[in-house]
Amino acid sequence: MVAVATPPRGAKRKAKAPTAFGGYWRRNQLKLAPWLFLAPGAFFFALYVVAPILQSFQISLYEWDGLGTREYVGLRNYEELWWDDAFWTALRNNVVWLVLYLLAIPGGLFIALFLNQTVRGIRIYKSLFFFPFVISQVVVGLVFAWFYDPTFGLFNEILGVFGLGPVAVLGDPDYVTYGIIAAGLWPQTAYCMILYLTGLNAVDPEQIEAGRLDGAKGWRMLWYVVLPQLRPATFIAFVVTIIGALRSFDLVSVMTAGGPFGESRVLAYYMFEVALSEYGFRMGYGAAIAVVLFAIMMIYIAFFLTKMYRDEKGV
């Protein structure tokens, strides 16, 4: 048996000298920890969002069918867009989408104000108004296609009660875009309603009471007391609604496939057509449309970000 020497009771072990990395980590742990948590998300965002955007800019400078050899053409694809009537039709429809889609914001606000009350059966009303948000856009498109059907659709049945119709909404170039936008407003209004319901839960009741003491009620209370506290929700609603209007694709694809006569095309659907459909797989031309659409989105988003920043700083 070999005796093993043990340290005397109560003796302290000598602490190991910290390494250079260990000392740096202890000094900067609070600064570095958030970046370590953000790193995986930032990596995948760069890989699946930023990289494809940059690749679209690059591809837009080529004539390419997606499989063969690329041919560098510079800005010729953008020059062709300028003389393309279908592109201008799609751009015009996107502007109409953008203007009318913003109706979802005040619609969602007033529904949220109604649902924020404490009345009997309010949970049932909330469920009914929330229901469109959880439905797939494809299902929404199919439901409204049946709704507009000139032979058995409910829309024409309602018009018949007033001695009007039938109207082929999805077959008339003058009405088709407005019919699709109405279908898109149904779930988008529900989404804005959810944002405002969340914002209303954070409204300061003391400010409401102070406004009442000052004689504010009705529209004055809403405009001067409630809405200023809902600015974050309004900003998110604007950004999401604008992006949704500009990248509208699925409803157009399901309800009309761009028809009739291409009058319901939007930029996102036209990009799909020229890049992956009947126009001969023109990836470069489709990428040029994507770049234009991205630029329009960035202009609107930058405008609202700048406005929000100035409001926060009081500039």
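The values are calculated or read from the model by the stated rules, or taken from the named source; none is laboratory data. Just so it is clear, the structure is predicted and the values come from calculations on it, not from any experiment. With ideal geometry, Cβ positions are generated from the backbone for all residues, glycine too; neighbour counts draw on all protein chains shown.
Against the numbered list (1) modelled with pLDDT of 90 or more; (2) surrounded by fewer than 22 Cβ atoms within 10 Å (Cβ to Cβ), Arg231 comes up short only at (1).
Answer yes if at least one residue in the stretch 58-70 is closer than 16 Å to Val274 by Cβ, part of a helix (DSSP H, G or I) and at pLDDT 90 or above, and no otherwise. Yes - at least one qualifying residue is present in the stretch 58-70.
Taking the stretch 178-231 as the range and being more than 30 Å from Tyr148 (Cα to Cα), in contact with a Gly (Cβ under 8 Å, 6 or more places away or on another chain) and among the hydrophobic types (A, V, I, L, M, F, W, C) as the test, the residues that pass are Met221, Val225, Leu230. Do we have any residue at all in the stretch 278-287 that's out of contact with any helix residue (DSSP H, G or I) (no Cβ under 8 Å at 6 or more places or on another chain) and without any contact (Cβ under 8 Å) to a residue 40 or more places away in the chain? Scanning the stretch 278-287 turns up at least one residue that is out of contact with any helix residue (DSSP H, G or I) (no Cβ under 8 Å at 6 or more places or on another chain) and without any contact (Cβ under 8 Å) to a residue 40 or more places away in the chain.
How many residues, within the stretch 248-295, are assigned to a loop (DSSP other than H, G, I, E, B) and closer than 23 Å to Val143 by Cα? Total meeting the criteria: 13.
When every residue of the stretch 217-236 is checked against the conditions, at least one turns out to be farther than 30 Å from Ser60 by Cα, in contact (Cβ under 8 Å) with a residue 60 or more places away in the chain and assigned to a loop (DSSP other than H, G, I, E, B).
The residues on offer are Val252, Val266, Val292, and the sole one that is over 19 Å from Phe238 (Cβ atoms), at pLDDT 80 or above and surrounded by fewer than 21 Cβ atoms within 10 Å (Cβ to Cβ) is Val292. If you check Thr198, Thr189, Thr177, Thr151 for being of a type outside the set (Gly, Ala, Ser) and in contact with an Asp or Glu (Cβ under 9 Å, 6 or more places away or on another chain), only one passes: Thr177. In the stretch 116-183, counting only helices (runs of 4 or more DSSP H) that sit wholly within it, the ones holding 3 or more residues that are assigned by TED's automatic domain parsing to the domain that holds Asp250 and farther than 30 Å from Ala86 by Cα span 122-130, 154-161. Test Ile105 against the criterion of being touching a residue at least 12 places away in the same chain (Cβ under 8 Å) and assigned to a helix (DSSP H, G or I), and give yes or no. Yes. Taking the listed residues Ala168, Ala145, Ala183, the one that is of a type in the set (Gly, Ala, Ser), closer than 26 Å to Phe110 by Cα and either out of contact with any helix residue (DSSP H, G or I) (no Cβ under 7 Å at 6 or more places or on another chain) or in contact (Cβ under 8 Å) with a residue 60 or more places away in the chain (or both) is Ala183, with no other qualifying. Considering each residue of the stretch 295-309 in turn, none proves to be buried (at least 19 other Cβ atoms within 10 Å of the Cβ) and under 21 Å from the mean Cα position of the chain (by Cα).
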